[in-house]
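A short worksheet on the structure shown next.
Read-outs throughout are calculated quantities, based only on the coordinates presented, and are distinct from any laboratory measurement. Just so it is clear, the model here is predicted, and its values are computed rather than measured. Here the Cβ positions follow ideal geometry from the backbone for every residue, glycine too, while neighbour counts run over all protein chains shown.
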Amino acid sequence: MKSNFNIDALVRENVKSLQPYSSARDEFKASWSEDLVFLDANENPFENGVNRYPDPQQHILKSKMAEIKNIETAQMLLGNGSDEVLDLLFRAFCEPNEDNVITMPPTYGMYGVLAGINAVENRTVFLTDDFEPNTDEILKKVDSNTKIIFICSPNNPTANSFSDEIVAEIIEKFNGLVVIDEAYIDFSEHESWTRKLSSFPNLVVTQTLSKAYGMAGIRLGICMASEEIINILNKIKPPYNVNELTQTRALEQISNPELIAAEVADILRERKLLIKALEPIGCIEHIFDTDANFLLVRVDDAQKRYIQLIEMGIVVRNRSKQPLCNNTLRFTVGTPSENKRLISTLKALD
Ligand SMILES: *Cc1c(COP(=O)(O)O)cnc(C)c1O
């Protein structure tokens, strides 16, 4: 339980006093069943399925999603991918050319890119050699302008989940926002941090439909936090940030949890087989523990193997330029036949 946390102290001054844009759909909220004539939004009146503006608060999708995630709809904001959600956090809380955030490479590159876009200093604290957050160093870098600490767990590209104790310590000791990016949580043996939202008013959890849910193409990100934090983000989000096609398709997909569970189980089974098949291969030196749908592997010569794989029609990610990731490649777990092809191609390399 965290006390003495004051969200108002973190919000940017201009956001505090902001009057959000009020759309036609915000001003007149109707239930779908009523027989109403909508002449308020300058839309084309002829029905084609998408001629109307989408629901700015995605009520139907959000209530189903909140039920699945076991939280209140008021604790949830949906965005155009989690990348939009992360950007909203910068724009709501970080004063350009003044505030800073802390990230822990090797990790997802977007945090640093978004810091740059928003003119916010990115203070980096490398993970320890066993790929855990370095709590002491992180807390040393915190000053009165540190607004957000980004924690990616399971972490991309190292594939491991961080220790719950270490993450809890950071949330308890830091008085800004702690954003836990759970893009890979559906593959993980760890429980989501959303279960701790009521204990930690400075906790923000982001998830996405881009990975386990198989919907990277529709762009749907999920932000879960206290109602106070969600209200602030709602003030600055673009009114129609989740389009009609995305809302409809996402609702359809999340209404079929058996399909998602079966696909995740398939991917986890394939991951195990892939690890077993890769272990004896000559150019592979180490396969790091994984709690996600990808493997980080250390090879003898990453650039050489990367090019050889491309020549054989297989595209993987070379992560060697990231700190602590010298000579590593990242393999996403594919379909059974894709994984077989990766294995046989790697075996044939000299
Ligand atoms: C893939 C990924 C995302 C997904 O971002 P979207 O914008 O929702 O597609 C977020 N965070 C991490 C760490 C990722 O690897």
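Please list, short to long, the whole-number percent of alpha-carbon pairs of the stretch 258-348 in consecutive 10 angstrom bins beginning at zero.
17, 52, 26, 5, 0
Take each uninterrupted DSSP H stretch in the chain, measure its Cα extent along the helix axis, and return the ones at 30 Å or beyond whose mean Kyte-Doolittle hydropathy is at least -1.0.
Qualifying helices, which must be both long enough and hydrophobic enough, are 257-278.
Identify the trypsin sites (Lys or Arg not before Pro) of the stretch 260-350 meeting these criteria: DSSP loop state and at most 12 other C-beta atoms within 10 Å of the C-beta.
Qualifying residues, ordered by number: 321.
Report, to one decimal in Å, the Kirkwood hydrodynamic radius for the stretch 87-243 based on all distinct Cα pairs.
Mean inverse Cα-Cα distance, inverted, gives 16.0 Å.
Using Cα-only point scatterers and the Debye equation, what is log10 of I(q)/I(0) for the chain at each q in 0.11, 0.12 Å⁻¹, rounded to two decimals?
Relative scattering, expressed as log10 I(q)/I(0), comes to -0.81, -0.94.
Taking a 28 Å limit on the Cα-Cα distance, which of the listed pairs 69/237; 235/321; 140/321; 304/340 fall beyond it?
Check vs 28 Å cut-off fails for 235/321.
I want to check the label-to-label distance for residue 113 and residue 324. Put each point 7 Å from Cα in the C-beta direction and report it in nm to one decimal.
Placing both labels 7 Å along Cα→Cβ, they lie 2.2 nm apart.
Relative contact order, percent, of the stretch 7-255 when contacts are C-alpha pairs under 8 Å separated by at least 6 residues?
Relative contact order for the stretch 7-255 comes out at 25 percent.
Compare the Cα positions of 282, 207, 184 along the charge dipole of the chain (+1 at Cβ of Lys, Arg; -1 at Cβ of Asp, Glu; about the Cα centre) and return the one farthest towards the positive end.
282
Under the rule that an exposed site lies in a DSSP loop and has at most 11 other Cβ atoms within 10 Å, name the longest stretch of the chain with no chymotrypsin sites (Phe, Trp or Tyr not before Pro) of that kind, not counting the sites themselves.
Free of exposed loop sites, the longest segment is 47-350.
Which GluC sites (Glu not before Pro) in the stretch 175-246 sit in a loop by DSSP (not H, G, I, E or B) and have at most 15 other Cβ atoms within 10 Å of their own Cβ?
Listed in order of number, the matching sites are 189, 191.
Calculate the all-directions average of the projected area of the stretch 183-264's alpha-carbon convex hull, and give it in nm².
Projected area, direction-averaged: 6.1 nm².
Rounding to the nearest 20 debye, state how big the charge dipole of the stretch 56-211 is about its Cα centre with +1 on each Lys and Arg Cβ and -1 on each Asp and Glu Cβ.
The calculated dipole for the stretch 56-211 is roughly 500 debye.
Taking the Cα centre of the stretch 1-67 as origin, work out the dipole magnitude from +1 charges on Lys and Arg Cβ and -1 charges on Asp and Glu Cβ, in debye rounded to 20.
Dipole size: approximately 460 debye.
Using a Cα-Cα cut-off of under 13 Å, which aspartates and glutamates could be cross-linked to residue 16, ignoring same-chain neighbours fewer than 8 residues away?
Cross-link targets: 8, 95, 228.
Once fully extended, how much extra length lies between residue 301 and residue 248, figured as 0.36 nm per residue of separation less the alpha-carbon to alpha-carbon distance?
14.5 nm
With r defined as the distance between the Cβ atoms of residue 273 and residue 348 and R0 fixed at 25 Å, what FRET efficiency is calculated, to the nearest 0.05?
The calculated FRET efficiency here is 0.85.
What size of dipole, in debye to the nearest 20, comes out for the chain about its Cα centre when the only charges are +1 on Lys and Arg C-beta atoms and -1 on Asp and Glu C-beta atoms?
700
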